[in-house]
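Here the structure comes first, spelled out in structure tokens, and everything after it is commentary.
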Amino acid sequence: MSAEETHHASAEVAARVERRWATIAVAIVVMMAGLAAFAGIHRATMPQPRVETIDPSRIHLSGEFVESNLGSVLEANGTVTVRAIGQQYSFTPACILVPADTPITLRATSADVVHGILIQATNVNTMLVPGYISEQLMRFTRTGDYLMPCQEFCSFGHEGMWGKVKVIDKAEFADRAKGGGRLSCVGQ
């Protein structure tokens, strides 16, 4: 076998290997595109089971998000409902008071632009979109203070948009809730 024949045979092997790898690469790209299309189509045909809307220009005037209704309330069934608003550049209330070892429903919305609630050291993470009510179920097993930054860039001043969740003992929360009204830890 001459050098020219050896070179030709090597070139054929290299071409076959390159074709195989090119075929594998194309197959991977096609598979990824198919998965993305399936996920997009499936997501579009399976909307959220319940979407609540609200007029963001009127949330402070009437309805569930008026200022006197913001904060934590102990419901008759023993659960806690927290209502909050995100607005440039604060959360209202700035400090949310909740009990440990209790089912909690966070209901929140935005008055102006997209904000996000991220309660650090937990899996609570939700977006607040103007015109929509976000609902997040949560439960805290330990008492303590948890930082709550806005994790969606909302404009200049975003870096100062922080809140706090203060988790207290269940009995202490029930004692504070006896007086009725909404609870928060603002000023504590």
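Brief remarks on what is shown
- With every protein chain in place, the chain: carbon and sulfur % of accessible area (1.4 Å): 59 percent
- Theoretical FRET efficiency, 1/(1+(r/R0)^6), r = Cβ-Cβ of VAL51 and ASP101, R0 35 Å, to 0.05: 0.70
- Most mobile of GLY34, GLY131, GLY71 in a GNM of the chain (Cα contacts under 10 Å): GLY34
- Helix 3-45 vs. the chain, principal-axis angle (Cα, 0 to 90°, nearest 10): 30 degrees
- Two-decimal ratio, segment 65-126, of alpha-carbon radius of gyration to 2.2 N^0.38 Å: 1.13
- Among the protein heavy atoms, those of VAL17 account for about 60 Å² of accessible surface (1.4 Å probe, every chain in place).
- Net lengthening on full extension, THR122/SER155 (0.36 nm per residue, minus Cα-Cα): 9.3 nm
- Calculated P(r) of the chain - Cα pairs past 31 Å, %: 39 percent
- Within the chain, CYS150, CYS154 have no other Cys Cβ under 4.7 Å of their Cβ and so lack a disulfide-compatible partner by this rule.
- In a reduced charge model with +1 at each Lys and Arg Cβ and -1 at each Asp and Glu Cβ, segment 1-126 shows a dipole moment near 200 debye about its Cα centre.
- Accessible surface, the chain, averaged per residue in Å² (probe 1.4 Å): 61 Å²
- Separation between Cα centres of segment 21-35 and segment 162-183, rounded to whole Å: 55 Å
The values are calculated or read from the model by the stated rules, or taken from the named source; none is laboratory data. None of these values were measured; they are calculated from a predicted model. Please note: Cβ atoms are built from the backbone with ideal geometry, for glycine as well, and neighbour counts cover all protein chains shown. To get the accessible areas, we keep the full protein, side chains included, count just its heavy atoms, and leave off ligands, DNA and RNA. Shrake-Rupley method; radii C 1.70, N 1.55, O 1.52, S 1.80 Å.
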